[in-house]
Each structure stands twice: as structure tokens, then as C-alpha cells.
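Notes for the one structure printed next.
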Amino acid sequence: MDLPRLLSLLLIPLGLSAQAATADAADPAWPATLPTAPQARLDAQAGGIASWTLANGFKIILAPFPTAGSARVELLVKSGSKLEGYGETGMAHLLEHLLFKGAGERADLKRDLTALGARWNGTTTADRTNYFETVAAEPNKIAEAIRIEADRFIRPRFTREDLSSEMTVVRNEFERQEREPMPVVMRALQRLSYAWHGYGRPTIGARSDIEGAPFEALQAFHRRHYRPDNAALIVSGQFDPQQVLALAASQFAQASNPDQPRVSHWTREPSEAATRRSELWLPAGTTLAASAWRLPGLRQREAHALDLASAAVCDPDWGSLRRQLVLEQQLAASAYCGVRLQADYGEWIATASQGRDGDAVVLSSALGRHLEQAAARGISAEQLERARREQLNAFERLRGDHEAVAALLSQAEVAGDWRLLFWQLDLLREIKLEEANAALRRWTVAGQRSDVLLRHADAISSPGEPLPAAALSLVAGKDWPALALAADPPPQSMAELAAALRRVDLGDSRVQALQLRRRTGGDLAWLALGHDWGNPVALAGRRTACDMADRLLAYGGAGLDRDALNARLEALHARWSLGLDGIFLEAPKDQLAPALELLLSVWADPLLPEAEFSRLRAASVARLEAALQQPARLAAVESRLRFDNYPAGHPRQPRQLQQQLQELRALTLAEVKSCVSDFSGLAQARLALVGDFDQDALRGLWTRIARLPPARQPYARIADPAAPQPLDASPIDIAMPGQANASLSGLALLPLSMESPDYPALRLAVEALGGNSDSRIWRRLREQEGLAYGAGASLDNDGPDPRSTLTLYASAATARAADALAALQDELSRALRDGLTPDEIERARRTWLESRKTLLRSEAGYAGLLAQGLLHGRDPAWLADFEVRMARVTADEANAALRRYLLPARIVWASGR
């Protein structure tokens, strides 16, 4: 599995069970007749998904999910950094940035997408570049998103001035990664693993190429790669297929191919029996070791066999790597591994970390030895079936997430054909134990490995990679059942969600309960149990111990260790979290009650294993030691300390990193167990249930929960003191040698809460000032002057006390830090002096209201939203009223609130560089 789940489900081949295939075959996503368009030729259909090709070679892939509340539109260009030539490194990524500028009659694509209420982004990998946005499932918004992508593809308008401005932003992005330990190690593994193939070059590119790319070279790169026979449009979610196909075909049929043939690539890595090594020194406050074994690419069956088998070593809960290196041998504070599959090659990557004084040679040796010995031994049939079941469960959840499915289709299309997704799912069911172990033994050998540190190995023959099969030969003549799942349509507004809720009286003063009854995708159900515990007196001075208790509670109990607990919950197809703060549980409807019963038994009788406590403490110490080398982190802590008016020992009192480190090193398991003893009993609860249940089912679940023992310490809300003015508002400047990036911020605490009459006006003013990519701060620092990679402003409030946090921020190159900070301060001064215009306030309001809809687009988040809303009375009805209050704010009211609170505020400006 992927490193360690960090590469996301997009890189994990997932499976479709035979039962699901039979059920879904009778409920296809398409109407009886597939849509047609004069310019488009139907070329493939599978699993309820179909694709068409235009005369110019442009492909349109449609994946309808009729009950989704949104639609995703992606423009896919099948060229990435691997096709960059000499002097062109980073050009694919730089071009991605520039194609958010003007296009056709559009002055600014980011502004148009923001006004549409879209969640948008663009990404570049070695294999491809894509641009995508998710919008509400409204025909006019979907159509506008398609027109925006057509303008971006066919009529982009980037200029020399745009290149000059955006180059500095990309360089800032480069510098942000330049000193971070894990990105540095990953880039080293890339360079070692590929001597000739383009995968050996980091997508971000060389600094000299980023800074020196001529405008004409960028234009030439665009002409070579942005051509219709090298691109596709992928639309997923709820939409009218006939309308979308007709519009997309008419828009993209206007594109034409240049005279020269499409760019192709044929470079292969030589088969060499060699272990490659790189040693790095970095003032990072941590020790890292990493190894990578090069594998065949996504179209090779062997790579998928090894990927499936790797779970026995890599799974973070039951895999052998973490258990042996971290828990048993205690050589590492953390250890992870996973498989990354790309179009041409894959890698099995493993990492281990230790504190700043760790022995990197020992760490690297143990890491490589463990994986190679585990591969030589092979895995058991039980381990293979457990990994297969886990991935089948993950795929079942993906079937209700059209955005994730669209990303998987994009990855498969880049590898040769979008139907490879289904071929991968077939492989998951077919791969046998002998095949999986053969792949492990064949590819996990020292002569196929790259290390960040050297470990000697005798010469070992290395297998040669076979040429991949043609994608069409793997998928031709096959079909698969539809992916889309039936579900009730999502609510279209917070008011609609509030109207659908039922507050249930459970006859117990310790609990508030909300229920949302709906038919969900895959008949899943969600339960969120918020547990409010502790009081100011009982928690004084125990923050470190009780934070650790909250984390340790999930590591087994009731006679089950973490591995056994996970296995039981995997069998119930459940996803879960457990801590002092409560339980979050997702499971099929008929499995929710037994999964909850299992978690309650662990909560009532937790294991609190000493080995896991030692590991968690060591990992936390290592993170804090690393933070001491990060000027941005130090500056942020120092800023918070300027506003410290908490009583001594208050659970939320800010602390210096050194103090936190000292407390962690001195922490004992006995102190953690004392927190569990005092606070794990049931005190005050907030219960939310989403799924096709009646109220009797909710009462039955509460009956199970109510059997938990009562809390030994009573619950009382921990109040925050009113926002103070800092006694010292002098600027903070923390500098460390060798840091190429600076984090800049302005911090103020304001005496109001979300319930305050002025809060909506001030919130809207801050939104217009710096809350989105159409705001004043963003447009000046990022778009116009290219001073910052990220910049903006936010206003946050966590509770009912009059203590709201205003933050202004920017991330800039150290050499431009002073200019970026001056620009940030100047934009605030101009807003206070001259005010924000009615047009700015109206645009900010529309953007904010559209962004609120994202809270409603995923039913997986409803239970958490409801349980959290019960904490301070901010349930969906309250949130709907807050939206009405925001909709009524005038520009005069927004400017008055901004001046009322910010003119007297003493802002602490900080720079970490």
C-alpha cells in the first residue's frame, strides 16, 4: 500500500466484489440510449462510464453519478515533467500556473472559477498536467466550467509579464521544499532510481530553469503538448449526459493540432545490479533513512501483485515494518512504506525516522534488511486475504465518491486507457498467493534498490523489465458494472438540512441527539459521538498527559490489541476513530451497532500499551525537535505568547516549544493512565446519527453508550478569557541561516464571538480583504507582484467566548520577505483608510455563500457537522440563520466593523525566515 497512505487512494488498485458486481449490473448509470453528438465518435463504455473521441483526437469521458450533489470537470493534458527537454525542467508546472491567467475574453480564470462557487485546482506530475473544479450540480454552472476549460485549452492568454510575476511564485514554492527533510529525501530517491528516464527529475524543476525559462521556450512547449490529440475532458457527478456531451464536443472541436506529430517517449532504464546511495546533511532536527526499489509500471500485472502483497509489511496497524522497527526493536520513532505506481515505472518506497541524534546508518540498514528479508520469506494466505479485503472495502467506499473515481480514471487514461481502472480491479480479485510472493522475491532485492545511505550487498542479478502490453489488449471486449450508487439527493442549503433534522429526546440529561434519516450511498451510516469531559480545576497542568491519553485510547482494549481491533472492525467494513473526545464511526447500516459495541468495549476497558506510549512520545519529541529548527513555527508560538492572559495551568495556555519538549520527555505512562481514569467515563455527550434509521434505532444505540461508566470528574466548560491587547506588540523576527523561505504574519485577538452582532460584518470584511483568491491581499501579493506563494487573511472563533483570532499571512522568498510584509501591512492600512468597495463586498459575499455549499456536498461529513454544532448551539438551523445575517451585511456595515475592531487593535507582526 502507499507510503503510508500519503500517496492517497489514487495509487491503490481497488477491487469490486462479485456481490457488488451482480447488484449494480441491474442499475446502470446510463439511460437506455447513450448520448450522441455530431462531432463525437463513441469509442468505449464500461462500468456505467463512456468515452467519445472528436475528429481532432480530443477525448471526452463521462462518468455520471445521478445522486451526487456536485459535478467535477477536469481538463487532462497527457504531458508532464517526464517529457521536458534540456533547459525545460519545471516548465510543465510553470505552464500550469500560467494557464490560470486570462483566456479568450476572460481576464482572470481564478476569479471566474471563484465566482462560480467552484473548488478548483491544477496539478502537475511526471505523467500529466490537469485542471479541475467541482461545482454544484446545476446545469448552468457545469456548462460554464466546461466553457472555462475550453477557453483555457484553446485560447490561453499568458504574457511575458505573467511569466515574470508567476516565476517568482513558483520559485517560492521551490524554496519552500528546498529545506524540508522528507521532500529532500524523496527527490534524492528519484535521482538515484532513474538514470535516464524523466521520472528522475523532480516535477518542480531546477531553480535555474525556473528563473531562466525564456518566454518563447514556454510558448513552444505549450504548442507541442497542449494539442487535442494529447488531451481529454473528464466530467463526473450529477449532470445531463446529452447536454454535457453536446456542449463539450462543440467547444473542443474548435481546437486543431499543430503540423508536427504528437510528442512521444521511448526511454527505458537499463537493468543493472546496483545499490545506489546518497548522503544528505540538513539542519532539520530529525534523522531520516529511505529506500526505494524500482518496479514495473501500472500496466504490468507483477507490480499490482507486489502492491497487494506489500500490505503485510507496510500496513500502519498490522504490517511488520512498524511493529519490528518501532515497537519491538525501538530503532525508529516512525517507519512507513508503500507502493507508488505510475504509467511507466513504479517504486516500493520505505522510510524511517528518529530524533536528531539517531544513527542514520543503523536506521537505513535495518530498513532495507527488513523489507528484503520479509520479501524473501513471503506472506501468508491470511495476510493476502486481509489486504485484499481492506482494498475491497476501500473501493466500496469510493463508489459513492465521484471525485475520487474521476481522479482514478484520469490516472488510468494517462497510462493508456481509462478502462485500465477496471482491469486493476479485476487483478485484485485474481492475484493468488504464489504470484504475489513471486513478485516480492523478484523485485525486492538489493541490486534493485536506492538508499539515502549505503548498505553493502553482494552483486545480485537484476531482472529486466518487460515491455508493457498495449492498453487496448488488456481491456478490449470487456465491460464492468456501473460504479455510481443510488442515494437520496443531498440538501441544497443549510436551511434544507436543518428542516430534515430531528432532535430526539433520549430521556437522559447527559446527552443531546440529532438524527438525519436518509438513504445513503452504499447504505452506509455515520455516527458521531462527541464527548465533553473535564473541568478547569481537574485539567490544570495536565495538558500533555491528557493529550497523550486521548491518542492512546484507540490502541486496543477489552482483550484486543490494536491489530486485533482493526481486524475485527475491517471485517465489519468500518472506518473509525476513538479518543477521550468521543467516537466517529462509518459502517454499513447493518454493521453499525456491532462496530459501535466493539468500540465501546475498548473505551470502557482500554489497553493503554506501554510500547505504543513510548512510540507516541518518541515521535512527538522528534516532531518538536524538528520544530525548533523551523523559524516559522517558532515565530508563530512567540506571537501566541504575546496574547497569553490565561491563568497558570489553563488547558489552552500557549507554551514555548522547549517547555512542551521538557514536559513530553518527563511524561510517564502513569500520568496518562491517571487522565484516562479521571476523564474517560461518560460525562456529557452529543450524539448524531445519519442513515436510514428510525428514532427507536437511535435510542437503542444510546442505550449501549449509556452503559459506559460515569466520569469520575464532572464536566464544566473551559472558558477562554476575553481577548486581551498584547503588553508587547513589537515585531518578532526569527532568522536561521540557510532558510530560503519566510513565513510572515500579523496576529490580533478581537473581543467578539460568532454570536456578536458585529461578527457577520467583520467576517465579510476579512473575506474581501484576504479570504479567497479574489481578495485584495491575494491579488496584490500573488497575482500582481508575485511576492508570495500564499497570502491572505482569516477570522476564526472556536467557542462562545469573546476571543476571535484575526490572522494576516504570506509566504515569500527570504530575499523578498521585507517587501511582502510591507505589502501585507499596506493593504490593511488602505482598507482601514479608504474602505472596501461595495463591489468587493458583494463578490466576497457571493464567494463565501457558494463556499458554504461545500459543507453539504459530502454526506460523510454530516454526522460530524451535527455533533459539533451541538457543542455551542451552532446547529444547522443556527448556521442557516448566520448565512442570512451574512447575506444582509452592507458595505458600510462591513467597513464600520473593520474599523471598529482593527483600528484599536494592536497587531503583532512576525517573520520566521
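The values are calculated or read from the model by the stated rules, or taken from the named source; none is laboratory data. Remember, predicted model here, so these are calculated numbers, not experimental data. Cβ placement follows ideal geometry from the backbone for every residue including glycine, while neighbour counts extend to all protein chains displayed.
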Out of (1) in contact with a helix residue (DSSP H, G or I) (Cβ under 7 Å, 6 or more places away or on another chain); (2) surrounded by fewer than 17 Cβ atoms within 10 Å (Cβ to Cβ), the one residue 888 does not meet is (1)
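Between 859, 842, which is acidic (Asp, Glu) and crowded, with 16+ Cβ neighbours inside 10 Å? Even if it seems obvious, please write down each step before you answer.
Numbers: 842 fails: crowded, with 16+ Cβ neighbours inside 10 Å.
None of the others qualify; the one that does is 859.
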Looking only at region 357-375, decide whether some residue is more than 30 Å from the chain's Cα centre (by Cα), among the acidic types (Asp, Glu) and assigned to a helix (DSSP H, G or I). yes
Evaluate region 535-554: report whether one residue or more is basic (Lys, Arg) and more than 30 Å from residue 656 (Cβ to Cβ). no
Scanning region 601-614 residue by residue, those surrounded by fewer than 19 Cβ atoms within 10 Å (Cβ to Cβ), among the hydrophobic types (A, V, I, L, M, F, W, C) and more than 28 Å from residue 332 (Cα to Cα) turn out to be 604
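For region 37-47, check the following and say yes or no: at least one residue is in a strand (DSSP E or B), at pLDDT 90 or above and under 30 Å from residue 386 (Cβ atoms). Outline the logic, then answer.
First, the residues of region 37-47 that are in a strand (DSSP E or B): 40-46.
Pick out the ones that are also at pLDDT 90 or above and you get 40-46.
Those still in the list that are under 30 Å from residue 386 (Cβ atoms) too: 46.
Among the residues of region 37-47, at least one is in a strand (DSSP E or B), at pLDDT 90 or above and under 30 Å from residue 386 (Cβ atoms), which makes the answer yes.
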Scanning region 89-134 for residues that are of a type in the set (Gly, Ala, Ser) and part of a strand (DSSP E or B), which turns out modelled with the lowest pLDDT? 102
All positions within region 523-572 that are in a loop (DSSP other than H, G, I, E, B) and hydroxyl-bearing (Ser, Thr, Tyr): 555
Does at least one position in region 386-395 carry a residue that is crowded, with 18+ Cβ neighbours inside 10 Å, in a loop (DSSP other than H, G, I, E, B) and more than 23 Å from the chain's Cα centre (by Cα)? no
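Listed here are the residues, each with its yes/no results for (1) among the aliphatic types (A, V, I, L, M); (2) over 24 Å from residue 719 (Cα atoms).
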position	(1), (2)
879	yes, no
882	no, no
889	yes, yes
913	no, yes
Given the condition in a helix (DSSP H, G or I), out of contact with any Pro (no Cβ under 7 Å at 6 or more places or on another chain) and within 24 Å of residue 782 (Cα to Cα), answer yes or no: does some residue in region 190-204 qualify? no
Only one of 239, 221 is in contact with an Asp or Glu (Cβ under 8 Å, 6 or more places away or on another chain), surrounded by 14 or more Cβ atoms within 10 Å (Cβ to Cβ) and in the same structural domain as residue 154 (by TED's automatic domain parsing). Can you tell me which? 221
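Matching residues to (1) in contact with a His (Cβ under 7 Å, 6 or more places away or on another chain); (2) at pLDDT below 95; (3) β-branched (Val, Ile, Thr); (4) surrounded by fewer than 19 Cβ atoms within 10 Å (Cβ to Cβ):
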position: 757; (1), (2), (3), (4): no, no, no, yes
position: 762; (1), (2), (3), (4): no, no, no, no
position: 774; (1), (2), (3), (4): no, yes, no, no
position: 804; (1), (2), (3), (4): no, no, no, no
position: 826; (1), (2), (3), (4): no, no, no, yes
position: 836; (1), (2), (3), (4): no, no, no, no
position: 847; (1), (2), (3), (4): no, yes, yes, no
position: 852; (1), (2), (3), (4): no, yes, no, yes
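From the list 513, 549, pick out the single residue that is outside the structural domain of residue 69 (by TED's automatic domain parsing), over 30 Å from residue 67 (Cβ atoms) and touching a helix residue (DSSP H, G or I) at 6+ places or on another chain (Cβ under 7 Å). Can you show your working first?
On the way: 513 fails: over 30 Å from residue 67 (Cβ atoms).
Exactly one residue qualifies, and that residue is 549.
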Of everything in region 194-222, what is at pLDDT below 90, of a type in the set (Ser, Thr, Tyr) and touching a helix residue (DSSP H, G or I) at 6+ places or on another chain (Cβ under 9 Å)? Give them in sequence order. 194, 203
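So which residues in region 674-692 are more than 29 Å from residue 489 (Cα to Cα), aliphatic (A, V, I, L, M) and outside any helix (DSSP H, G or I), if there are any at all?
Taking region 674-692 as the starting set, the residues that turn out to be more than 29 Å from residue 489 (Cα to Cα) are 674-685.
So of that shortlist, the ones also aliphatic (A, V, I, L, M) come out as 676, 682-683, 685.
Across region 674-692, the qualifying residues are 682, 683, 685.
Quick check, is residue 378 out of contact with any strand residue (DSSP E or B) (no Cβ under 6 Å at 6 or more places or on another chain), without any contact (Cβ under 8 Å) to a residue 12 or more places away in the chain and farther than 30 Å from residue 136 by Cα? First the steps, then the outcome.
Values: out of contact with any strand residue (DSSP E or B) (no Cβ under 6 Å at 6 or more places or on another chain): yes; without any contact (Cβ under 8 Å) to a residue 12 or more places away in the chain: no; farther than 30 Å from residue 136 by Cα: yes.
Criteria not met by residue 378.
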Somewhere in region 573-582, is a residue part of a helix (DSSP H, G or I) and in contact with an Asp or Glu (Cβ under 9 Å, 6 or more places away or on another chain)? no
Considering residues of region 157-189 that are part of a helix (DSSP H, G or I), modelled with pLDDT of 85 or more and among the basic types (Lys, Arg) only, the residue farthest from residue 739 (Cα to Cα): 160
What pairs come out if I take residues in region 640-669 that are more than 26 Å from residue 907 (Cβ to Cβ) and pair them with residues that are of a type in the set (Phe, Trp, Tyr) and at pLDDT 95 or above whose C-beta lies under 8 Å away, six or more apart or interchain? 669/613
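Any idea which residue in region 315-336 is surrounded by the most Cβ atoms within 10 Å (Cβ to Cβ), counting only those that are of a type in the set (Gly, Ala, Ser) and touching a Lys or Arg at 6+ places or on another chain (Cβ under 9 Å)?
First pass over region 315-336, keeping only residues of a type in the set (Gly, Ala, Ser): 319-320, 332-335.
If we keep only those that are touching a Lys or Arg at 6+ places or on another chain (Cβ under 9 Å) as well, we get 332-335.
Working: 332: 30, 333: 25, 334: 21, 335: 28.
Checking each candidate, the answer is 332.
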Applying the selection to region 602-617, what residues are out of contact with any strand residue (DSSP E or B) (no Cβ under 7 Å at 6 or more places or on another chain) and either part of a helix (DSSP H, G or I) or among the polar types (S, T, N, Q) (or both)? 604, 610, 611, 612, 613, 614, 615, 616, 617
Return a yes/no flag: does region 721-738 have any residue that is buried (at least 23 other Cβ atoms within 10 Å of the Cβ) and outside the structural domain of residue 102 (by TED's automatic domain parsing). no
Tell me, which helices (runs of 4 or more DSSP H) lie completely within region 827-913 with 2 or more residues that are closer than 30 Å to residue 522 by Cβ? 838-852, 862-869, 876-888
Checking the structure you have, find out if any residue of region 165-188 is in the same structural domain as residue 48 (by TED's automatic domain parsing), among the small types (Gly, Ala, Ser), touching a residue at least 60 places away in the same chain (Cβ under 8 Å) and in contact with a Pro (Cβ under 9 Å, 6 or more places away or on another chain). no
Scanning region 739-755 for residues that are over 30 Å from residue 839 (Cβ atoms) and surrounded by 20 or more Cβ atoms within 10 Å (Cβ to Cβ), which turns out farthest from the chain's Cα centre (by Cα)? 749
